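Asker: After the structure tokens below, expect a handful of questions from me.
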Amino acid sequence: MSSGNQLGCFTGLSEALRILVQRSLLTQKEIARRAGVLESSLSKYLSGDNNPGLGALGRIVEDGLGLTLIDLAKVLQQVRGK
């Protein structure tokens, strides 16, 4: 883990989200708009400076990116397997 106060369930989350955002070809602004989150919050989630709550995470993945949480889980497994 990169931070002493980071929960294990969030390990690799920012990297996995960055990968999904890059694959989507959407801008962070568009993803944030679709997900109903602030663009600045999304930026913090992608940089690992903050972790989203479960509701925000679901909206980012499902509404913002048009994916499922299963898609996120698959990328998380890849990231954690490095």
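The values are calculated or read from the model by the stated rules, or taken from the named source; none is laboratory data. Since this is a predicted model, take the numbers as computed values, not measurements. Positions of Cβ are generated from backbone atoms using ideal geometry, with glycine treated the same way; all protein chains shown enter the neighbour counts. Please note that ligands, DNA and RNA were not included when accessible areas were found on the heavy atoms of the full protein model with its side chains. Shrake-Rupley method; radii C 1.70, N 1.55, O 1.52, S 1.80 Å.
Asker: In the list Ile70, Ile19, Ile31, which residue meets the criterion of being open to solvent by less than 60 Å² (accessible area, probe 1.4 Å), modelled with pLDDT of 95 or more and out of contact with any Gly (no Cβ under 8 Å at 6 or more places or on another chain)?
Answerer: Exactly one of Ile70, Ile19, Ile31 is open to solvent by less than 60 Å² (accessible area, probe 1.4 Å), modelled with pLDDT of 95 or more and out of contact with any Gly (no Cβ under 8 Å at 6 or more places or on another chain), namely Ile19.
Asker: Of everything in the stretch 73-82, what is part of a helix (DSSP H, G or I) and open to solvent by 60 Å² or more (accessible area, probe 1.4 Å)? Give them in sequence order.
Answerer: Passing the criteria: Lys74, Gln77, Gln78, Arg80.
Asker: Now for a separate question. So, in the stretch 63-75, of the ones that are touching a helix residue (DSSP H, G or I) at 6+ places or on another chain (Cβ under 8 Å) and charged (D, E, K, R), which residue ends up farthest from Leu13 (Cα to Cα)?
Answerer: Only one residue tops the list, namely Asp63.
Asker: Filter the stretch 42-62 down to residues that are open to solvent by less than 80 Å² (accessible area, probe 1.4 Å) and either among the aliphatic types (A, V, I, L, M) or more than 11 Å from the chain's Cα centre (by Cα) (or both) and give me whichever is nearest to Thr11 (Cα to Cα). Please lay out each step first, then the result.
Answerer: Our first condition is that a residue be open to solvent by less than 80 Å² (accessible area, probe 1.4 Å); within the stretch 42-62, this holds for 42-43, 45-48, 50-53, 55-58, 60-61.
If we keep only those that are either among the aliphatic types (A, V, I, L, M) or more than 11 Å from the chain's Cα centre (by Cα) (or both) as well, we get 42, 46, 55-57, 60-61.
On the way: Leu42: 17, Leu46: 12, Gly55: 18, Ala56: 17, Leu57: 14, Ile60: 17, Val61: 17 Å.
Per the criteria, the residue is Leu46.
Asker: Considering only the stretch 34-54, state which residues are of a type in the set (Gly, Ala, Ser), modelled with pLDDT under 95 and in a helix (DSSP H, G or I).
Answerer: Kept after step one, since they are of a type in the set (Gly, Ala, Ser), are these residues of the stretch 34-54: 35-36, 40-41, 43, 47-48, 53.
Add one more test, that the residue is modelled with pLDDT under 95, and what stays is 48, 53.
Selection gives nothing.
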